[in-house]
Amino acid sequence: MRRLVCALLLVATAALADPTQDLIGLEQRLTEALARSDAEALGALWADDLVWVGLNGKPSSKAEQLAGIKTQASAPGVVSVTNKDVKVRLYDRSAVVTVLSTWTTRTPVGERASNYMATHVWSERRGQWRLVSAHISRVAE
């Protein structure tokens, strides 16, 4: 009986230590904040040393990204966004997460849906997960 209790405690401890669901939740919060152009929420999720590689292929910093988002906040164009596939790979206190999402935006000729693939690197620092790197690509139709 004692061995069974010890085994169950080990399984429970391992399950609690697995941050996969936390990271999936963080990805959803990140997506929602991006869709709303919520610079405050994004600033809390992003590490100060964030490296962001966007659709143009050029790297930018957290400060540069937040400045751009603050100017976009007055021009809402996102109708909806759905994360269709989120995969988490854990490496000690870091994680690589790939996210396939569909963004529907309002354009002068109507709504347009586009698929994007993002690769995000998260790092656990002082007990908090922060995004340290992001690379986004449009998925060819």
Determine whether region 63-84 contains at least one residue that is touching a residue at least 60 places away in the same chain (Cβ under 8 Å), of a type outside the set (Ser, Thr, Tyr) and within 17 Å of Thr119 (Cα to Cα). no
For region 104-126 the number of residues that are farther than 18 Å from Ala140 by Cβ, in contact with a Lys or Arg (Cβ under 8 Å, 6 or more places away or on another chain) and small (Gly, Ala, Ser) is 1
Subset of region 49-62 [under 20 Å from Asp38 (Cα atoms), exposed (fewer than 12 other Cβ atoms within 10 Å of the Cβ) and not acidic (Asp, Glu)]: Leu55
Somewhere in region 96-103, is a residue within 22 Å of Ser37 (Cβ to Cβ), exposed (fewer than 14 other Cβ atoms within 10 Å of the Cβ) and either at pLDDT 95 or above or in contact with a Lys or Arg (Cβ under 9 Å, 6 or more places away or on another chain) (or both)? no
Please determine, by comparing only the residues of region 31-62 that are assigned to a helix (DSSP H, G or I) and among the acidic types (Asp, Glu), which one is farthest from the chain's Cα centre (by Cα). Glu40
Can we say Ala17 is closer than 23 Å to Lys87 by Cα and either surrounded by 15 or more Cβ atoms within 10 Å (Cβ to Cβ) or in contact (Cβ under 8 Å) with a residue 24 or more places away in the chain (or both)? no
How do the pairs read when you match residues in region 101-129 that are over 17 Å from Arg29 (Cα atoms) and among the aliphatic types (A, V, I, L, M) with residues anywhere that are part of a strand (DSSP E or B) and modelled with pLDDT of 95 or more, using Cβ under 7 Å and keeping only pairs 6 or more apart or on different chains? Ala113/Thr102
Taking the stated definitions as given, is Arg126 of a type in the set (Lys, Arg) and either touching a His at 6+ places or on another chain (Cβ under 6 Å) or closer than 24 Å to Ser60 by Cα (or both)? no
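The values are calculated or read from the model by the stated rules, or taken from the named source; none is laboratory data. Quick caveat: nothing in here was measured; it's all calculated off a predicted structure. Every residue, glycine as well, gets a Cβ built from its backbone with ideal geometry; the counts of neighbours run over all protein chains shown.
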